[in-house]
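The values are calculated or read from the model by the stated rules, or taken from the named source; none is laboratory data. As the structure is a computational prediction, the values presented were derived from the model and not from experiment. We place every Cβ from the backbone using ideal geometry, glycine too, and count neighbours over all the protein chains shown.
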Amino acid sequence: MKDLRIGIIGGGRFFNWVHAPALELIRDNFKCMVFCCCDEQQARETVAKWGYDRTYLDADEMLEKEPIDMLYVTTPPSVTGQMAIKAIERGIPAFLEKPICNSFEELKRIQDAYNKYGTPHFVAYNRRHIRILNEAKRYVQEKGGLSHIQVDWYRHDTKAPTGFMGSGIHGIDAMRYLCGDVETLRSVSSKTEYFDKQPISYSALFMFKSGISGVFNSNARAGHLSERYVLFTENGSVELELTSPGGLDCPKWLKIYEGKKLVRDVDLLRDRPEAERTPAHFNGIVDEHLYFLDCVRNKQAPFPDVNDSIKSMRLAAAFNQGFNGMLKDFKTPPVDPVE
């Protein structure tokens, strides 16, 4: 149903790599797609590749001239917060790529705008929309709930100064999505540093308010990309490996054990319809876009919003700094290392 007019701000490498392919797969939802990028050459290349209706170099001009129903903001975090506030003040539902800003001070300004105007917006933690992760969540709920969770987060050779405020926050947010809010945190890091004086590896022990315990292990130079979750319930467990945008480095799967017996074995490359064997489907990107569209159509508030996102950002900042103790006692820094 081509009924929505969509505006897009930010057309760099990340948008073309992650979101543009997903939007193309659901293009029959849009009757008009307008696009803004401050880099004129990048704007021309993006429009030529994806065939959007109109292009702008100035976001304010686009927002002033175009009667859009929804806005996608996929800019660097130094710009995303400003664009988020513009959308909220204009009453335009906004899809915000994370991190949504580069400081907790700016995050507070976004919160203040939201609390004043109440404009719906969505922070793009795509793991919440990965189908096998949601299947795992439903299974453990049916079995009485989680007792423990372990997440292993491995990367090729991460050279980003953002630490867990960058891609790693996805794993942290997924733990919150599965287990609830964190009460205490105990974290350690390796003494070996490799980039921007960051440790190569981190480990953290979480105690959630729900009573679930959790472990998060990370290695930025594992030589391969892998994201594994093990969810423990009474007399059973669920193991799954997720993919990340842009690649399928390892086979992606879900296995459910009851006692010693393997009762479900899903291989995504084998078991998904051929048309859905794409990174955009495996990563939950398509499903998070469809969720946002449905919320806009039905005038519902999508989730997570900025008020929930701050919880994952605060936890990531504590993890980055090697904090140990009750999370309520962690003092958020005025500016976080997000470029």
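Residues being surrounded by fewer than 20 Cβ atoms within 10 Å (Cβ to Cβ) and of a type in the set (Gly, Ala, Ser) are represented in region 71-84 by at least one member. Taking region 1-18 as the range and being crowded, with 18+ Cβ neighbours inside 10 Å and either more than 18 Å from Ile68 (Cα to Cα) or modelled with pLDDT of 95 or more (or both) as the test, the residues that pass are Ile6, Gly7, Ile8, Ile9, Phe15, Val18.
Specify the residue that is surrounded by the fewest Cβ atoms within 10 Å (Cβ to Cβ); the eligible residues are those in region 139-178 that are aromatic (Phe, Trp, Tyr) and at pLDDT below 95. Across region 139-178, the extreme among qualifying residues is Tyr154.
Would you list the helices (runs of 4 or more DSSP H) that sit entirely within region 268-339 and hold 3 or more residues that are outside the structural domain of Tyr114 (by TED's automatic domain parsing) and within 20 Å of the chain's Cα centre (by Cα)? Break it down into steps so the answer makes sense when it comes.
On the way: elements: 268-271, 279-282, 285-297, 306-320.
By residue number, 279-282, 285-297, 306-320.
Scanning region 91-108 turns up no residue that is at pLDDT 95 or above and among the basic types (Lys, Arg).
Rundown of residues vs (1) at pLDDT below 95; (2) more than 24 Å from Asn126 (Cβ to Cβ); (3) not assigned by TED's automatic domain parsing to the domain that holds Phe323, yes/no style:
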residue	(1), (2), (3)
Phe195	yes, yes, no
Tyr202	yes, no, no
Phe206	no, no, no
Glu227	yes, no, no
Val230	no, no, no
Ser244	yes, no, no
Lys252	yes, no, no
Lys255	no, no, no
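Scanning region 52-95 for residues that are under 17 Å from Lys116 (Cβ atoms) and either without any contact (Cβ under 8 Å) to a residue 12 or more places away in the chain or under 17 Å from the mean Cα position of the chain (by Cα) (or both) yields Gly81, Gln82, Ala84, Ala94. Restricting the first member to region 124-139 and to residues that are in contact (Cβ under 8 Å) with a residue 40 or more places away in the chain and β-branched (Val, Ile, Thr), and the second to residues that are in a loop (DSSP other than H, G, I, E, B) and surrounded by 18 or more Cβ atoms within 10 Å (Cβ to Cβ), the beta-carbon pairs closer than 6 Å and six or more apart or on different chains are Ile130/Gly284. Evaluation of Phe30 against the conditions (1) in contact (Cβ under 8 Å) with a residue 24 or more places away in the chain; (2) over 20 Å from Ala87 (Cα atoms) shows that the sole unmet condition is (2). For region 22-45, the count of residues that are over 20 Å from Glu288 (Cβ atoms), among the small types (Gly, Ala, Ser) and surrounded by 16 or more Cβ atoms within 10 Å (Cβ to Cβ) is nonzero. One residue stands out among those in region 325-339 that are modelled with pLDDT of 90 or more and surrounded by 15 or more Cβ atoms within 10 Å (Cβ to Cβ): the one that is farthest from Met207 (Cα to Cα), which is Phe330.
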